[in-house]
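Where a number appears in this text, it was derived from the coordinates with a stated rule and is not lab data. What you see is a predicted model; the values in this text were computed from it and never measured. A quick note on method: Cβ atoms are made from the backbone with ideal geometry, for glycine too, and the neighbour counts reach across all protein chains shown.
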Amino acid sequence: MLYEVLKEIFSLKDAVDVLAVALFIYGVIYFLVVTKGLQILRGIIFIGVFWLFAELLQLSTLSWIFEKLWTVGLFSIVVIFQPEIRKALAKIGERTKVIRFGSVEEKSIERIVRACRFMSDRQIGALIVIERSANVDDIVEGCVYIDATISPEILITIFYPMTPLHDGAVIVKGDRIAYASCVLPLSRTANLPKKYGTRHRAAVGITEESDAVAVVVSEESGEISLAVEGNLERNLDPEILRDRLGELLGLRDEKD
Amino acid sequence: MKRIRNFLSKDIEYKIIALFLAFMLWGVVIFSSRTVVVVNRFVEVVNAKEGYEYHLKPEKVRITVSTISRLAKPRFLNGIKVYIDVKDLGAGKHRKRVYVELPIELVMKVVTIEPPSVRLRVKKKRK
């Protein structure tokens, strides 16, 4: 009888259910550890324990305050972790992508690389964000709609100093320059050397918030960098940039 | 294969915590979803003496049982037994309390027994 009861209560379906929930909880724990939200979690656990004591000792006023704080607290957590939640959801979307719309072609990469080489030689600052599967429209602000075919001439013209669109980022969607003069979220990472300014911080920032890749040309040194998944690959020569973009945009296999 | 091995060996302590929490959560969800079932059962006579006749009124009682939803199925509910203990009871009229025997004590609970006791007439059999 006991075996029958156990079989009825815990079936294979329940094992799958428990494993799926465990995977979700592991994701939350990992997310909290990665985003340094562990301190906040510790704070929540501390408040929880304090609340439990208040309930056990029947401290009615304190319990009442905690009860009221609970709903507000839930909303606060969502607000505090809003960027991280967005990033995590984008990551999930990135892993589950099935169809790729408007993928970048080899010739577009070649044109971006040529523009970067030109601007690097003349120390013209540039920031080019290439969208992959996740849409960046909700992350970027203040953009000027362009919708032009990618060409080195247009890119150079956009970033040429003292022109109206030079300050900000260009967003590339598929084989089109979608926007120019975009303001990107700045990364708060401490890993970025001090010599890099706002442009590099913005490049890292957008790749932290989405799966896009960002090419940066330094105005000070002419150095070309590539930001991917919140990391900056520095001092690339145009050939390496071409290879890396090809790999990252799925045009050729990534090397280990 | 290498990726699966890496995934399994990484952050093992977090995974154990996650599995434990998931199991606890599953337990809370399953064991808190209780349902109430009503069954009618004939009352059995336990410890009956040889040479005596036992007449019950009523012969059937109505039992309300609370159990987890998954176990509210005939094959588990059929195991519910209702009885009265007539040990050391002589001839005459009596009122006896009804007892319920549940097949799975841990996850089943008697809510009500209607009526809680039955009238009993014990007669010596004629030879």
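For chain A, the residue among A:Thr61, A:Leu23, A:Ser225 whose Cα projects farthest onto the positive side of the dipole built from Cβ charges is A:Thr61.
First measure r as the distance between the Cβ atoms of A:Val79 and A:Leu59, then evaluate 1/(1 + (r/R0)^6) with R0 = 51 Å and state the FRET efficiency to the nearest 0.05. Walk me through the numbers before you get to the answer.
Details: r = 29 Å, r/R0 = 0.56.
Computed FRET efficiency for A:Val79 and A:Leu59: 0.95.
Remark on the stretch A:106-248: Rg and Dmax equal 13.2, 36 Å (Cα only). For the protein assembly as shown, A:Cys116 have no disulfide-compatible partner, since no other Cys C-beta lies under 4.7 Å from theirs. Take each residue in B:17-30, count the other chain C-beta atoms within 10 Å of its C-beta, and the mean is 5. Helix content alone sets the calculated 222 nm mean residue ellipticity of chain A: runs of n ≥ 4 DSSP H residues at -39500 (n - 2.57) each, divided across all residues, give -17000 deg cm²/dmol. For a label point 7 Å from the Cα of B:Lys87 along Cα→C-beta, name the residues of the stretch B:98-114 whose backbone N is under 19 Å from it. Residues B:98-102 qualify, since their backbone N sits under 19 Å from the label point. Its Cα centre serving as origin, the stretch B:52-127 has a Cβ charge dipole (Lys and Arg +1, Asp and Glu -1) of approximately 520 debye. The share of C-alpha pairs in the stretch B:16-127 whose separation exceeds 18 Å stands at 58 percent.
From the largest down, the stretch A:2-96 spans 47, 44, 19 angstrom on the principal axes of its Cα atoms. If the segment from A:Glu110 to A:Met1 were pulled out straight at 0.36 nm per residue, it would be longer than the present Cα-Cα gap by 32.1 nm. Shape descriptor for the protein assembly as shown: Rg over Rh equals 1.29 (Cα atoms; Rh from the Kirkwood inverse mean 1/r). In a fully extended conformation the segment linking B:Ile17 and B:Arg5 would gain 2.4 nm over its present Cα-Cα distance, using 0.36 nm per residue.
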